[in-house]
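Have a look at the structure below before the remarks.
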Amino acid sequence: MIIASVAIGYYGYKAGNYYFIPLVCAAAFGLSVYYKIKHIKFVREEMRQKAEDNLKASSKKKTKLNK
């Protein structure tokens with residue numbers, strides 16, 4: 001979607017439509033980047049949480065084995 005919005009905006013600008021199509025494509029590009037960054041942050045947080053849970057589980061197993 002990001003590449004398509006850039007391509008459509010470029011060809012729309014070259015075709016003489018200097019306002020509407022490039023503006024809409026710029027908005028689509030901005031929203032795509034925003035949601036991509038938001039998704040990346042969500043995935044990183046989820047992976048961090050899983051890593052912490054795995055670390056806690058492995059430390060509990062080690063303490064049981066040492067007793």
Could you derive backbone 3J(HN,Hα) for region 42-49 from the dihedral phi with the Karplus parameters 6.51, -1.76 and 1.60 (θ = phi - 60°), listing whole Hz in sequence and x where the residue is Gly or Pro?
5, 5, 4, 5, 5, 5, 5, 5
Which label marks the calculated value of mean projected area of the Cα convex hull in nm², given the options (i) 5.4; (ii) 4.8; (iii) 4.5?
(ii)
Extended-chain gain in nm, criterion 0.36 nm per residue less alpha-carbon gap, Met47 and Lys60
2.7 nm
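Can you give the extra length, in nm with one decimal, that the chain gains between Val6 and Ala27 once fully stretched, where that is 0.36 nm per residue apart less the Cα-Cα distance? Could you put the intermediate results ahead of the total?
Details: separation 21, 0.36 × 21 = 7.56 nm, distance 1.03 nm.
Here the answer is 6.5 nm.
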For the Cα atoms of the chain, what angle does the longest principal axis make with the long axis of helix 2-14, in degrees from 0 to 90, nearest 10?
10
³J(HN,Hα), Karplus 6.51/-1.76/1.60, whole Hz, each residue of region 19-36, x for Gly, Pro:
10, 5, 4, x, 5, 5, 5, 5, 5, 5, 4, x, 5, 4, 5, 4, 5, 5
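No lab work stands behind these numbers, since they all come straight from the coordinates. The shown structure was predicted, so the numbers you read here are calculated from the model rather than taken from an experiment.
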